[in-house]
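These notes are about the structure you will find just below.
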Amino acid sequence: KQQRDWIGRSEGADIEFPLAEPHSALGNIRVFTTRPDTLFGATYMVLAPEHPLVRQIVSDERRAEVMAYVEASGRKSDLARTDMSKEKTGVFTGAYAYNPAFEDSKDPRAKIPIWIADYVLISYGTGAIMAVPAHDTRDWDFAVKYGLPIVEVVKPPEGYTPSAEEKDRRFASGGREIRCFVGDGTAVNSPIFDGRKTPEAKKAITAWLEARGLGRARVAYRLRDWIFSRQRYWGEPFPILFDEWGNPIPVGEDKLPVTLPEMSDFRPSGRLEPPLARAKGWVEFRDPETGRKMRRETNTMPQWAGSCWYYLRYIDARNGSAPWAREKEKYWMPVDLYVGGAEHAVLHLLYARFWHKVLYDAGLVSTKEPFRRLFNQGLILAFAYQDGRGALVPSDEVEERGGKFVRKNTGEELNQIVAKMSKSLRNVVNPDEVVRQYGADTLRLYEMFMGPLDCAKPWNPRDIVGVNRFLHRVWRLYVGDEAQERSGKALPHLLADGPACPAIEKAANMCIKEVTEDIEKMAFNTAISEMMKFVNAASASDEPMNRSQAERFLLVLSPFAPHIAEELWSRMGHAGCIADEKWPEYDPEKIKEDTIEIPIQVNGKVRSRVSVRADAAEEDMRKAAETAVAAWLEGKSIIRTVIVPGRLVNIVVR
């Protein structure tokens, strides 16, 4: 959805609004709208302050005010200008246009004023809008503020419940209530289109405009141009040359890659040319083959130029003659799993997809999409602190006193909250400190054990101790106490093949099954829980683990805690790395439940339930059933007994 919104595909129409006298010679103002069906409700127009027509149509008496507004708007970012929460501002230009919905220009509704407002951007659409305040919340707010007409042209469907925004935007007019309604409904106050549903009205009015040369259907996109060149030294150079006439010529493949020249000073110069322009001997040279003067491109690529296709280079990273070999690309692509934060959805992920689709169209890759599966991990949050005014207080200015959090220098009591880690709040956790105190395996396990991978989770140092304690229990299972640890080997019974304890064997097979399935689901927190269950079962057993059970558990543990797993694997006498071993398999027969519960029916109705062994013989099931429903059998004759092993017993009586 984020990508769809970023691209912003919109189906609508371009509509021409002829300028009124004295500016009619300047032609029309073209607007793009996704709601051509609301044309009869357009009561004014708005141009972006940067629109080229503004300087040409502004009246003399309004010029000073309009130009001041244009200058002020230029100092604002697009984000600030389109902030829905801010109050709308604008200035009337003194000029008018004709609404093409009204064929008679003398109709009092036909001539509409032209304003400028900073909530309209020159970079989107045509930089001009038709304002329909009855059916757009921004236009409504603007019209109410400046006393502009509001005309309803879309009637909501029966039973429609207004949204919170729409409820706040209404007024009484002519004995009825006019409310801002932004959805689909039925056309009203639109003479030749009244009564038509919104989808039909859109098509009809667009066709009507096209027939009169005043509009046409169009698909528009919000996606802006992708600025690719940078004026700095450290980007990848463009492999482009220019001859003396300025014609661009690609660098020959035998001369790739183009590398940056060594420069003693590569800081920005303060002039228009990029830093590379200083390297005269690199920039300008004669082609040794033709003798022609050549000049290199001095802009460089952005830092993400390579990150858009790095996954393809990984396939064949040491290939010196091509970015990748065709046969390797066909074997490896697409990428099976992409793990990244949701914040990359409209950055790296989107542009990698764009890049890949261009390569596919060029016949250079064999898949339409680069990534098969996407998984967005959640943020790790940290504790932060607020004072009584709600202002955030940096963590290093806070201390805990008597179970409460207070500001160090004043003693003011603070409220502990959970927030994103940030340098300003000084609540960023340095993993090096955790590794120094507890080890890298504890850090890895804690991060995975905090909660589901796709959820935001607060970092709580107190919880790290529990995970560290689990690893200590694993260590003791394999090497025993301190005296035994000094031997540098595993416990004696783990160095020889001994008998398998049935309870531990069942726990081991269950652990392998659950961890295998949890890894496939990226459910690492529950996988660790299963490993903890196994350690509990092995620790509580009167019989010790044997070698096979110990090895299989280490194989399961190793992706989560590789350092301790490798050490214990070595102590058990293995020369190679555990990371090179095959993943263990479980035996389904060894995790079957010993007992099962089955329903006992009398004449087809369940009268009781009884627990029996999973492999119980039919005679044992019959006896258990008759005992369980003895009260229902008193005074009755058993005609027959139907037994479905492992499922049910039905006793037929009369």
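The values are calculated or read from the model by the stated rules, or taken from the named source; none is laboratory data. It should be emphasised that the depicted structure is a prediction, and the values quoted were computed from it without experimental measurement. Note: ideal-geometry Cβ built from the backbone for every residue, glycine included; neighbour counts use all protein chains shown. Accessible surface areas use protein heavy atoms only, side chains included; no ligands, DNA or RNA. Shrake-Rupley method; radii C 1.70, N 1.55, O 1.52, S 1.80 Å.
Things worth noting here:
- With Cα atoms, 0 to 90° folded angle of helix 547-557 axis to the chain main axis: 10
- Prolate/oblate/rounded call for region 421-524, Cα gyration tensor, a/c under 1.5 rounded: oblate
- Accessible-area composition of the chain, carbon plus sulfur, in percent [1.4 Å probe]: 52
- Local electrostatic count, Ala187, Cβ distance below 13 Å [Lys/Arg +1, Asp/Glu -1]: +1
- Note on region 344-475: Cα convex hull, mean projected area over all directions, 12.5 nm².
- Cα-based shape type of region 38-81, given that a ≥ b ≥ c are square roots of the gyration tensor eigenvalues and the cut on a/c is 1.5: oblate
- Whether region 20-163 is rounded, prolate or oblate, judged on the alpha carbon gyration tensor where a/c under 1.5 counts as rounded: oblate
- Less than 5 angstrom separates the built amide H of Tyr44 from those of Ala131, all sequence-distant by 5 or more or on a different chain.
- Using θ = phi - 60° and Karplus 6.51 cos²θ - 1.76 cosθ + 1.60, couplings along region 621-627 (whole Hz; Gly, Pro as x): 5, 5, 5, 5, 5, 5, 5
- Placing a label point 7 Å from the Cα of Val339 along the Cα-to-Cβ line, the residues of region 420-461 whose backbone N sits under 14 Å from it are 444-455.
- Distance between region 333-384 and region 107-180 - C-alpha centres, whole angstrom: 40
- Stokes-Einstein, applied to the Kirkwood radius of the chain over Cα pairs at a viscosity of 1.306 mPa s and 10 °C, places its translational diffusion at 47 µm² s⁻¹.
- Estimated [θ] at 222 nm from DSSP helical runs (n ≥ 4, -39500 (n - 2.57)) normalised by residues in the chain, nearest 500: -8500 deg cm²/dmol
- Using a cut-off of 27 Å between Cα atoms, the listed pairs Lys328/Lys582; Lys1/Lys423; Lys489/Lys582; Lys1/Lys457; Lys533/Lys582 include Lys1/Lys423 as exceeding that distance.
- Backbone phi angles across region 348-353, fed through the Karplus curve with coefficients 6.51, -1.76 and 1.60 (θ = phi - 60°), yield HN-Hα couplings of 4, 4, 5, 6, 5, 5 Hz in residue order; Gly and Pro are listed as x.
- C-alpha center-to-center spacing [region 29-101, region 222-299] in angstrom: 41
- Summing charges over neighbours of Glu514, with a neighbour being any other residue whose Cβ is under 13 Å away from its Cβ, gives 0 when K and R count +1 and D and E count -1.
- Stretch gain in nm, segment Met294-Glu413, where the contour uses 0.36 nm per residue and the Cα spacing is subtracted: 35.9 nm
- Here is the P(r) of region 265-363: all C-alpha pair distances, binned every 10 Å from 0, give 12, 29, 24, 26, 8, 0 in whole percents.
- A straight line joining the Cα centroids of region 616-642 and region 184-201 runs 74 Å.
- Once the Cα atoms are used to define both axes, helix 524-540 deviates from the longest principal axis of the chain by about 10 degrees.
- With K and R counted +1 and D and E -1, the other residues having a Cβ less than 12 Å from that of Tyr446 yield a net charge of +1.
- Cross-link pairs Lys106/Lys197; Lys76/Lys145; Lys330/Lys357; Lys155/Lys202 - those with Cα-Cα distance over 24 Å: Lys106/Lys197
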